[in-house]
Amino acid sequence: MLRILRRKSLPVSMTVREALNSALDEEMAADPTVFLMGEEVGEYQGAYKISKGLLDKYGPRRVVDTPITEAGFTGLGCGAAYYGLKPIVEFMTFNFSMQAIDHIINSAAKTYYMSGGQISVPIVFRGPNGAAAGVGAQHSQASYWQEFPFVITFPSYATQCYAAWYGSCPGVKVLSPYSSEDARGLLKAAIRDPDPVVFLENELLYGESFPVSEAALDANFCLPVGKANIEREGQDVTITAFSKMVGYALKAADILEKEGINAEVINLRSIRPLDRATINNSVRKTNRLVTVEEGFPQHGVCAEISASVNEDSFDYLDAPIERITGADVPMPYAVNLEKMALPQVEDIVRAAKRACYGYVPK
Amino acid sequence: MALWLRRSSKHIIKNLMYSNYCRNNITTKTTTAASFLNEKADVVSPVFFVGRRFESTKAAEMRIDPQFYSSEEDEDHDDLLNQGMDFPGGKVMFTSEMSFISEHSDKRIPCYRVLNDHGEIVSDESYQQVSRELATRMHNSMITLQVMDTFLYEAQRQGRISFYMTSNGEEAVNIGSAAALSYDDIIFPQYREPGVLLWRGFTLQEFANQCFGNRADYGKGRQMPIHYGSKRHNFFTISSPIATQLPQAVGAAYSLKMDNKKDACVVAFMGDGCTSEGDFHAGMNFAAVMEVPIVFICRNNGWAISTPVSDQFRSDGVVVKGPAYGIQSIRVDGNDALAVYQVIRAARNIAISEQKPVLVEALTYRVGHHSTSDDSTKYRPIDEITHWKMAKNPLARFRQWIEKNGWWDEERDSEARNTIKQEVIQAIQVAERMEKPSLLELFTDVYDKPTNDLQEQETSLRETIQRHPKDYPAFTYSL
């Protein structure tokens, strides 16, 4: 379990899956123009069971099982958004969003601007992002296997992080939750947002359980878009991360604590707009920065954070900024190779020590 | 795409088979109407629909009579072979004769026309009389479109605007279809349908403003010329990529359907080249599966820049693609404004009353170049262009008809052309002199509310301009 400081530990805990499901349910109940579409979202209850129960509750007009054409249903979603509906388009993984990226960028992100402000596009694109399940089942997967006894696996070319891709485009907002509270608050905010939002979930987090606050259970609970969250306060080094890597960063912070380094962990929550203020304020306090992401290193989220801190807080840095990212190769499938291609907790620990000028074999 | 690893438990296979099988079989006209007209049905229909789905897929659980698996001796029994069978997707009859469906039928799908080349009505009883008022308005609009095209094309040649595309030769498709629609119908254009916007009241000044990208442009100077858009006129902003408007149009039609709007449909325009894009397939397929009120109008003008239709597809044009998706389709003479009017009226009625898509292929010819960046004489013979421009001119044909009715004459024609010419020239001059949009419009409409980043950039730009005024000539920009 995670040690989350600054939050009252309350008896209510929920999985990210339950958080997303409840958020979808509540938003659909509150607003009749919200509807969900994607492959397997209806009868199959969702490829990852995120939309479980929604078809029975809202009917096939509001939970639409689509034919297999991402380009098609994304374009259709944009058209529906132009004229008064609030679609939530689900991609089975964000890799498949590549088939629809023309519509996400040209039909959704750019339309408000290119129409001179006449056509707004209140659409949400969501789905799992980044590396998916390897062969080894993690502990958080145990109950998942019992309840849903089949697994969807994807070829290794289909396991990439798209945060940097969408994060570079003006006109779209990009959010990525970590905990259940994040998932609920950010998804609700995304659905209510009049701009197009890309909502990057993580398959491995779906089954993970987190405690949630009382406030998070409210039907109107929304988290602010563009605000990062300080998951753990510290004095010595700032570690930024989003989605699954937040968990890794917190584990690394625990290890560092034992060695006398007090790390501050920032959960970005919002890739675009990026909360530069929080990141810079933190770096100005700790003077050292380690940024972590699962995606490819070149032109990544870490690169952007690095540039931002360099521009705004150059005088406050006591060490070069460390970036921990995925390897610059297409994702391999074999367990041992996959482990080498993704950031591990030890990598973050070593980077933090380097930033703190400790001696560490590189 | 997705690789499914299944364990061999039966309930998984069952689950997978229940998804998305044979809607065709179960949805009837009455079914759809009932569930969508009745508010309450929203609560009832999930069970209803889910139940219906399960019913039809029961057939897939192999309730086949064992006699169908018998040996050769039963082949002589004709009655066995005349039986059909329920496959997923519905019942099919068996045949013992192997034959491939030909890639071309013996005859091409015929083309509906009302006026012959001499402006005489040759149609059947389905033709409905058009009033004098409507006919003269249509002709006036076609002239306006032609004159506007001529002068704005010239303006580009003179270097006053950067780009232009004409609709020469396609005036009848533009105006004939526009006249048949109501102002509540939502238009998703490709880019060669400004006549539809013109019909709805977009003024020459408004067209010119967009082409010059001035302060009065509704697009706020963000798009290249001819990328018109007007929410007020239910005309969706044009974007350059081909066919992207098709799935979008289906989405908007779905929105209309959810709204229970029974007196409006969506009209999506496209060219012949558009039918090659993946989005065409997605749009058509979705429209059919989701049963939405949409009319697809394909302007088959023979050319996609330099690609002739013989290199674009090998089917009998576009009309035959409709039935492949389960969509009612018709082919019409796109140079016959009356025929286009009749067909679009009928198609619109079908789409709205039956809540399903219709495909209309209007055969016509692109007389002009693809755009001002193109010289079509490089890839097609000049006499071909001249033939369609003169002998097959849609305005000439329509004019013959209205003159025969005594509604028009030479004097009226030249008077109309003169007046419009003056208006267009005036509009161009006014548009040219008008200020460009404010620099602040660079940062608006990216998001609903500008983010901190954008506000910082705007502040930074303002300061830069104040520090270096010589680099930012005041007469074209203002803050």
Quick calc: nm separation of the 7 Å Cα→Cβ label points for B:SER240 and A:LYS57 -> 4.5 nm
Run the quick spin-label model on B:THR307 and B:GLU432: label points 7 Å from Cα toward the beta carbon, then report their separation in nm to one decimal. 3.7 nm
If R₀ is 51 angstrom, what is the calculated FRET efficiency for the pair B:TYR472 and B:PHE94, using the beta carbon separation as r and rounding to 0.05? 0.05
Kindly provide the pair-distance distribution of segment B:281-385 built from C-alpha pairs, with 10 Å bins from 0 and whole-percent values in order of increasing distance. 15, 39, 30, 14, 2
Taking only C-alpha positions in segment B:439-478, Rg and Dmax in angstrom work out to 11.3, 33
Separation in nanometres of the label points that stand 7 Å from Cα toward Cβ, at A:ALA319 and B:HIS387: 7.9 nm
What FRET efficiency, computed as 1/(1 + (r/R0)^6) with R0 = 56 Å and r the Cβ-Cβ distance, is obtained for B:ASN349 and A:ALA30, rounded to the nearest 0.05? 0.90
Using Cα positions and a limit of under 17 Å, work out the lysines in reach of B:LYS107, with same-chain residues fewer than 8 apart set aside. B:LYS321
The orientation-averaged projected area of the Cα convex hull of segment A:74-133, in nm², is 4.0 nm²
Can you give me the orientation-averaged projected area of the convex hull built on the Cα atoms of segment A:1-123, in nm²? 9.9 nm²
Please report Rg (one decimal) and Dmax (integer) in Å for the Cα set of segment B:359-424. 15.5, 42
Taking 51 Å as R0, compute the FRET efficiency from the Cβ-Cβ separation of B:ARG314 and A:GLU346 and round it to 0.05. 0.30
Could you let me know the centre-to-centre spacing of segment B:330-366 and segment B:165-179, using Cα atoms, in angstrom? 13 Å
Could you tell me what a quarter of the Cα convex hull surface of segment B:132-433 works out to, in nm² with one decimal place? 15.0 nm²
What whole-number value in cubic angstrom gives the convex hull volume per residue for the C-alpha atoms of segment B:257-342? 109 Å³
Using only DSSP helix segments of four residues or longer, with each worth -39500 (n - 2.57), what per-residue ellipticity at 222 nm results for chain A after dividing by its residue count and rounding to 500? -9500 deg cm²/dmol
Under 15 Å from the Cα of B:LYS261 - aspartates and glutamates, other chains or at least 8 residues apart: B:GLU39, B:ASP184, B:ASP185, B:GLU291, B:GLU354
Restricting to aspartates and glutamates and to Cα separations under 19 Å from B:LYS389, and discarding same-chain partners fewer than 8 apart, the set is B:ASP117, B:ASP149, B:GLU154, B:GLU170, B:GLU171, B:GLU193, B:ASP333, B:ASP336, B:ASP374, B:ASP375, B:ASP413
Computed over segment A:229-356, Cα set: Rg, Dmax in Å: 13.7, 44
Structure shown: which of A:LYS49/A:LYS173; A:LYS49/A:LYS227; A:LYS258/A:LYS353 lie over 23 Å apart, alpha-carbon to alpha-carbon? A:LYS49/A:LYS173; A:LYS49/A:LYS227
Which pairs in the list A:LYS52/A:LYS244; B:LYS231/B:LYS421; B:LYS220/B:LYS378; A:LYS57/B:LYS231 are over 29 Å apart, alpha-carbon to alpha-carbon? B:LYS220/B:LYS378; A:LYS57/B:LYS231
Can you check what the Kirkwood hydrodynamic radius comes to for segment B:96-188, Cα pairs only, in Å to one decimal? 17.4 Å
Volume per residue that the Cα convex hull of segment B:140-267 spans, once the total is divided by residue count, Å³: 103 Å³
For chain A, report the translational diffusion coefficient in µm²/s to the nearest whole number, using Stokes-Einstein at 37 °C, 0.692 mPa s, and a Kirkwood Rh over Cα pairs. 158 µm²/s
Could you work out how far the C-alpha centroid of segment B:104-161 sits from that of segment B:232-289, in angstrom? 23 Å
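Every read-out reported here was derived from the displayed coordinates using simple, explicitly stated rules and does not represent laboratory data. This is a predicted model, so every value here is computed, not measured. Please note: Cβ atoms are built from the backbone with ideal geometry, for glycine as well, and neighbour counts cover all protein chains shown.
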